[in-house]
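Quick notes on the structure that follows.
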Amino acid sequence: MKISDVQSTEFNEFYSNYLALVPKNILLKDGFKESSEEIIDFFQNIPAIKLNYAYANQKWSVKEVLQHLIDTERVFQYRCFCIARRDVTSLPGYEQDDYIVPSEAKNKSLESLLEEFKSVRQSFIVLLHSLNKEDLEFLGNANGNPMSARAAAFIVLGHYQWHINIIKERYL
């Protein structure tokens, strides 16, 4: 299953920018595996002095961005899971800014954040391996909008690339 299989009716237009960053030829499950090492390498190669750096007032630090990525993956894994299990309940929205301060990401080590990332990512990979084509194509509802299980998963891949691009442009 590739990003080209996902139809515009399977997600809110807001996510289009993320989905556009997913490589066209990557298979969903392969994308999760391959991007894991790329993400770990990327964050491990950021100079320690930059980890608590934010490029402007009211912007997140690099460690807070990583925590945001982890938190978002958790939320979208839950969405993928619920939708794949044919839950038609409208899943709640996610106010990302409300999660950062209580996460205390600035006080966490990079190693602990990466360990958290690895655990969340491995859990999502195991979930994806348990789902079949019909599960992934099922259309549910997230935050009052249609979302398929596969769109929820592909959004995660593009979301990481979106934020990595921002870190490269504005933080490093």
Checklist entry - By how many nm would the segment from N17 to F42 lengthen if fully extended, with 0.36 nm per residue of separation less the alpha-carbon distance? => result 6.9 nm
Checklist outcome for this item: In nanometres, the difference between 0.36 nm per residue of separation and the alpha-carbon distance of E111 and T89 is 4.3 nm
Next on the checklist: Please list, by residue number, every one of the trypsin sites (Lys or Arg not before Pro) in the range 1-74 that is coil in DSSP and has at most 14 other beta-carbon atoms within 10 Å.
Outcome noted: K24, K59
Next on the checklist: Can you give the longest run of the chain that contains no GluC sites (Glu not before Pro) sitting in a DSSP loop with at most 16 other Cβ atoms inside 10 Å?
Outcome noted: 1-94
Checklist outcome for this item: In whole angstrom, the spacing between the Cα centers of the range 50-103 and the range 107-161 equals 11 Å
Checklist entry - Computed FRET efficiency, Cβ-Cβ of K50 and S4, R0 45 Å: what is it to the nearest 0.05? => result 0.80
Checklist outcome for this item: Taking R0 as 25 Å and r as the Cβ-Cβ distance between L139 and D97, the FRET efficiency 1/(1 + (r/R0)^6), rounded to the nearest 0.05, comes to 0.30
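Values in this text are rule-based calculations from the coordinates and carry no lab data. Keep in mind that this is a model prediction, so the values were computed, not measured. Using ideal geometry, Cβ is built from the backbone for each residue, glycine included, and neighbour counts are taken over all protein chains shown.
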